[in-house]
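Visitor: The structure is given below, and queries will be raised subsequently.
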Amino acid sequence: MRICMIGTGYVGLVSGACFADFGHDVTCVDKMPEKIEGLLAGKMPIWEPGLEALVKHNAEHGRLKFTTDLAEGIRDADAVFIAVGTPARRGDGHADLSFVYAAAKEIAGALTRKAVVVTKSTVPVGTGDEITRILLENGAPEGTSVASNPEFLREGAAIRDFKIPDRIVVGAEDEFAREVLREVYRPLFLNKAPILFTGRRTAELIKYAANAFLATKISFINEIADLCEAVGADVQEVSRGIGLDNRIGPKFLHAGPGYGGSCFPKDTLALLQTAEKEGVGMRIVNSVVEVNDARKAAMADRVREAIGGELTGKKVGVLGLTFKPNTDDMRDAPSLALIKRLQEGGAEVIAFDPVGREQAEPMLPGVTFAEDAYKVAAGADALVLVTEWDEFRALDLRRLAGTMRSKHLIDLRNVYDRADVERAGLSYRGIGRGERQG
Ligand code: UDX
């Protein structure tokens with residue numbers, strides 16, 4: 001199959017490289033020349049484990065090409081994927097579709113024979129209809145079809161998620177689109193990936209419903225964590241106790257500082273916008289968003305309480321800045337709200353992140369960046385573990401405590417055991433671990 005991927009952001013690049021790895025002939029198109037030049041030179045615009053090797057390997061074998069010229073990229077394509085950004089619009093939270101529609105218009109002018117135009121970007125229900133209209137109005141060849149094929153990739157595990165997906169969702173309105181996409185995904189069938197064919201609007205909604213449901217699980221367990229603290233219960237055991245019920249499942253029940261990233265915050269807001277437009281109440285998702293926003297803001301209060309009620313003049317060390325490990329993505333990271341509030345309260349903040357520094361630095365004015373966890377601890381009054389990078393899982397707690405001015409560990413990811421931390425001479429505060437349980 002000949003595939004054209006429009007947009008070399010996170011989704012486009014990972015999908016394009018994986019399709020090429022399955023033997024398809026893939027051309028990735030991006031408007032930004034510096035991005036394409038970088039990719040041609042083997043430089044990745046994002047940090048994702050395994051991506052660089054995958055891109056280089058397939059580029060060397062001629063299956064993966066990069067260009068800024070959309071018409072060239074689209075020539076003879078069977079499937080044209082739109083994987084451009086859909087950021088939340090400032091102010092109203094609506095998904096900004098201007099990049100998607102601009103791409104559709106260009107595709108219409110560039111196609112020389114009928115193809116399937118597929119949205120991979122997360123787009124509100126009904127966007128496929130609008131793309132169809134734009135294609136027709138701008139002279140796309142007769143028979144060109146529009147399909148929705150949402151992605152469910154997690155940052156940090158995107159290649160694995162692409163190659164061994166839980167499911168593939170294809171929303172299509174005609175047999176031509178279904179046939180082409182079945183061929184595109186045929187190599188994955190060997191991995192027993194189920195392919196679910198639905199209507200286009202349904203596929204568009206599946207993506208939002210999936211993300212909103214996962215966000216709901218997180219906000220739910222975070223509220224249970226607060227209750228655990230109040231009643232002296234342990235949220236990790238509660239998670240295990242409920243997660244062993246097959247109907248609930250064990251995943252996405254880790255209490256923490258609130259969800260961040262490029263998807264959950266944006267997609268829950270966009271879903272609420274769609275519901276409001278349609279006059280459908282969505283009280284659950286609305287609460288999920290409120291709970292998460294309040295939670296992120298409340299994390300600084302935990303730090304304040306743990307160190308005795310006063311932030312002014314205190315030096316707080318932050319371990320991990322990205323919204324989760326194995327990514328350099330800082331979008332809506334809980335560290336941003338935490339650090340802002342710590343600074344507003346008068347604390348000095350010193351931080352370390354294994355790969356996120358470059359992205360984080362411009363977003364965190366006034367923060368000092370250190371080279372490792374031990375340098376963060378030197379002279380600090382508290383250490384806050386915000387992102388559970390592997391290298392923070394086996395820190396030498398005695399060594400950390402030895403250089404701190406006052407000795408408090410606030411573990412927002414429940415990485416450590418209270419007893420181990422206390423034995424090393426630090427006070428411990430986790431999430432949802434009731435004091436009475438010890
Ligand atoms: C998510 C979806 O998982 C993916 O299917 C979709 O395509 C894009 O959005 P991603 O944003 O990469 O992926 O990260 P994910 O691993 O899902 O984590 C999202 C956030 O939730 C992170 O901030 C993470 O720390 C938090 N989280 C996750 C929890 O706080 N607790 C959990 O149990 C799981």
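The values are calculated or read from the model by the stated rules, or taken from the named source; none is laboratory data. Remember, it's a predicted structure, so these values are computed and weren't measured experimentally. In this analysis, Cβ positions are derived from the backbone assuming ideal geometry, glycine residues included, and neighbour counts consider all displayed protein chains.
Visitor: Of all residues in segment 98-109, how many are touching a helix residue (DSSP H, G or I) at 6+ places or on another chain (Cβ under 9 Å) and surrounded by fewer than 22 Cβ atoms within 10 Å (Cβ to Cβ)? Spell out the reasoning first.
Guide: Step one: list which residues in segment 98-109 are touching a helix residue (DSSP H, G or I) at 6+ places or on another chain (Cβ under 9 Å), which gives 100-101, 103-109.
Pick out the ones that are also surrounded by fewer than 22 Cβ atoms within 10 Å (Cβ to Cβ) and you get 101, 105-106, 108-109.
Looking only at that region, the number is 5.
Visitor: Give the residue, chosen from G256, G281, that is within 14 Å of the ligand (Cβ to nearest atom), small (G, A, S) and part of a loop (DSSP other than H, G, I, E, B).
Guide: On the way: G281 fails: within 14 Å of the ligand (Cβ to nearest atom).
None of the other options fit; the residue is G256.
Visitor: Take the residues in segment 307-330 that are modelled with pLDDT under 95 and within 21 Å of the chain's Cα centre (by Cα); name whichever of them is farthest from the ligand (Cβ to nearest atom).
Guide: Checked segment 307-330; the qualifying residue farthest from the ligand (Cβ to nearest atom) is D328.
Visitor: Same structure, new question: Does G143 satisfy being crowded, with 18+ Cβ neighbours inside 10 Å and either within 12 Å of the ligand (Cβ to nearest atom) or at pLDDT 95 or above (or both)? Don't jump to the end; show me each part of the working.
Guide: Values: crowded, with 18+ Cβ neighbours inside 10 Å: no; either within 12 Å of the ligand (Cβ to nearest atom) or at pLDDT 95 or above (or both): yes.
In short, no.
Visitor: I'd like the full set of residues that are of a type in the set (S, T, Y) and outside any loop (DSSP other than H, G, I, E, B), limited to segment 295-349.
Guide: Step one: filter segment 295-349 for residues of a type in the set (S, T, Y), giving 312, 322, 327, 335.
The answer is S335, and nothing else.
Visitor: Now a separate question. For segment 63-125, please list each of the strands (runs of 3 or more DSSP E) lying entirely inside it that holds at least 2 residues being touching a residue at least 12 places away in the same chain (Cβ under 8 Å) and touching an Asp or Glu at 6+ places or on another chain (Cβ under 9 Å). Working first, answer last.
Guide: On the way: elements: 64-67, 79-82, 116-119.
Of the strands (runs of 3 or more DSSP E) lying wholly inside segment 63-125, those with at least 2 residues that are touching a residue at least 12 places away in the same chain (Cβ under 8 Å) and touching an Asp or Glu at 6+ places or on another chain (Cβ under 9 Å) span 64-67, 116-119.
Visitor: In the list L196, L205, L153, which residue meets the criterion of being in contact (Cβ under 8 Å) with a residue 40 or more places away in the chain, of a type outside the set (S, T, Y), more than 30 Å from G356 (Cβ to Cβ) and within 16 Å of the ligand (Cβ to nearest atom)?
Guide: Numbers: L196 fails: in contact (Cβ under 8 Å) with a residue 40 or more places away in the chain; L153 fails: more than 30 Å from G356 (Cβ to Cβ).
Answer to the check: L205.
Visitor: Output the residue which, of all residues in segment 230-275 that are under 17 Å from the mean Cα position of the chain (by Cα) and among the basic types (K, R), is modelled with the lowest pLDDT.
Guide: Here the answer is K266.
Visitor: While we're here: Only one residue in V386, V415 is surrounded by fewer than 21 Cβ atoms within 10 Å (Cβ to Cβ), within 26 Å of the chain's Cα centre (by Cα) and within 16 Å of the ligand (Cβ to nearest atom). Which one?
Guide: V415
Visitor: Out of segment 18-33, which residues are outside any strand (DSSP E or B) and either closer than 18 Å to E72 by Cα or in contact with a Ser or Thr (Cβ under 6 Å, 6 or more places away or on another chain) (or both)? If you could, list the steps in order and put the result at the bottom.
Guide: Start the filter on segment 18-33 by keeping residues that are outside any strand (DSSP E or B), which leaves 18-24, 30-33.
Residues satisfying the conditions are A20, H24, D30, K31, M32, P33.
Visitor: Could you please tell me which pairs satisfy a Cβ distance under 7 Å, a separation of 6+ or placement on different chains, a first residue in segment 248-260 that is under 18 Å from A333 (Cα atoms) and in contact (Cβ under 8 Å) with a residue 60 or more places away in the chain, and a second residue that is acidic (D, E) and in a loop (DSSP other than H, G, I, E, B)?
Guide: As it stands, the answer is G260/D332, since those pairs meet every condition given.
Visitor: Still on this structure: Using the structure shown, decide if V421 is assigned to a helix (DSSP H, G or I), in the same structural domain as K324 (by TED's automatic domain parsing) and surrounded by 14 or more Cβ atoms within 10 Å (Cβ to Cβ).
Guide: Details: assigned to a helix (DSSP H, G or I): yes; in the same structural domain as K324 (by TED's automatic domain parsing): yes; surrounded by 14 or more Cβ atoms within 10 Å (Cβ to Cβ): yes.
Yes.
Visitor: Please work out which one of (1) small (G, A, S); (2) in a helix (DSSP H, G or I); (3) more than 16 Å from the ligand (Cβ to nearest atom); (4) crowded, with 16+ Cβ neighbours inside 10 Å is the condition G402 fails and give its number.
Guide: Unmet condition: (4).
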